[in-house]
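J.: Please see the structure below; I have some questions.
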Amino acid sequence: MRRRFVGILICIAFLPLAFAFKSAPEFVQRKGVKTIIIDPGHGGKDQGAKGAITTEAKICLEIGLKLGKVIEERFPGVKVLYTRTTDIIPGNKPDKNQGLRYRAEFANQSGGDLFIAIHANSARKIAHRVKSGYRWVGKGKKRRKVATYKTYYTPNPAKGTETYIWAADENTHKTDMIKPDDEFGEADSTLVMPDINDPVMKAFQLLYAKKYFENSLHLATLIEAEFVKEGRLSRGVKQRNDVGIWVLHATGMPSVLVETGFISDRNEEEYLDSDKGQNEIVGNIADALANYIAAKEKAPASSGGKGTDPKDAQTNAATLPRKDMPKARS
Ligand SMILES: [Zn+2]
């Protein structure tokens, strides 16, 4: 209680500064959900993960557009906006990072109440090193036989869904947040994660943690629950602590990133590429959204839904032990 009071005091103290901080997202908590931003991942020259028959960018766009249509049908009065509706880098930006920046800016400037990013996962093939024979090395007395090895690869069995939310309490890895070859940003990019050591961002973070984090976690949990009902394998609600996710950090609204399945698994790829699979995924997200909106309309404007204690994030985080979770990129 005391901590909450101090938190509120800090927020109030920095509020005027906050308005002066032009690159910070706008933090306005509104009751209900009026505008939903759908962000189909990748696009244009950034095709994301490549499968055997399709690409992540194509799947994300197809699911994103279908989701928008279903939301408009099921929730009249809710405005749907897309960061892209064709196979381009959003905003027709020249590179992926500028596209990422655009996605967040677009969402903030459009006054979104909710941000839903759609992605598909990919897991690297598994390398197996086996003895293939011998060869001779050295000369004279030192001549000796050494084993030779060869490597072969088998498909990675990783599959299932996972939904990411912002790691709200992750303050210490700011400098590591963008890494080379990471799908959400590159090391030499102009993307700089909000500096949470900055007192203004600290104030934002308190607001963020209190309002948006709970809502993001709530929606993410509902989405994974719907996937489970559909019979999918859920890898759970996750936070990425080692590398930040730009579109989740930089959007001033509750935000989730849905990894709809593994494009590297042939069965899941076919599912993700099919009308049946896409319609099921869209139905699952829309059902979760219905529960989320219903809970939000019942709740006072300043609080999140039920069962959204941020502490649950870690316990809900995975249905598989971390060590068993194949490393994924998408
Ligand atoms: Zn992706």
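Each value in this text was obtained by applying a stated rule to the coordinates, not by laboratory testing. Because the structure is a prediction, the values reported are computed rather than measured. Glycine also receives a Cβ, built like all others from the backbone with ideal geometry; neighbour counts cover every protein chain displayed.
J.: Measure off 7 Å from each Cα along the Cα-to-Cβ vector at ARG266 and LYS34, then give the distance between these two points in nanometres to one decimal.
T.: Taking the two extended label points, one gets 5.1 nm.
J.: A follow-up question, please. Distance between Cα centroids, region 58-99 to region 246-272: provide it in whole Å.
T.: Value for the Cα centre distance between the two parts: 13 Å.
J.: How much length is gained on full extension from LYS298 to VAL228, taking 0.36 nm per residue of separation minus their Cα-Cα distance?
T.: 22.7 nm
J.: Follow-up. Once the other residues with Cβ under 12 Å from the Cβ of GLU269 are scored (Lys, Arg +1; Asp, Glu -1), what is the net sum?
T.: Once all neighbours under 12 Å are counted, the net charge is -1.
J.: For region 25-164, how big is the tail of P(r) above 21 Å, as a whole percent of Cα pairs?
T.: In whole percent, the long-distance tail amounts to 58.
J.: Turning to a different aspect of this structure: Describe numerically, in nm with one decimal, the distance between label points set 7 Å from Cα along Cα→Cβ at LYS69 and at SER110.
T.: The answer from the label model is 1.8 nm.
J.: Sorted from fewest to most neighbouring beta carbons within 10 Å, what does the list HIS119, HIS249 look like?
T.: HIS249, HIS119
J.: Next question, about the same structure. Hey, with R₀ at 35 Å, roughly what FRET efficiency would THR85 and TYR152 work out to, going by the Cβ-Cβ distance, to 0.05?
T.: 0.25
J.: Beyond a 30 Å Cα-Cα separation, which of these cross-linked pairs lie in this structure: LYS58/LYS159; LYS45/LYS131; LYS45/LYS159; LYS66/LYS159; LYS125/LYS296; LYS69/LYS298?
T.: Checking Cα-Cα distances, LYS45/LYS131; LYS125/LYS296 exceed 30 Å.
J.: Here's a follow-up. Where both partners of a DSSP beta bridge lie in region 34-162, what percent of those bridges are antiparallel, to the nearest 5?
T.: So the antiparallel bridges in region 34-162 amount to around 60 percent.
J.: Sticking with this one: Expressed in nm to one decimal, what extension gain is obtained for the pair ALA52 and LYS145 from 0.36 nm per residue of sequence separation less their Cα-Cα distance?
T.: 29.4 nm
J.: Local charge sum around TYR152 (other residues, Cβ-Cβ under 13 Å, Lys/Arg +1, Asp/Glu -1)?
T.: +4
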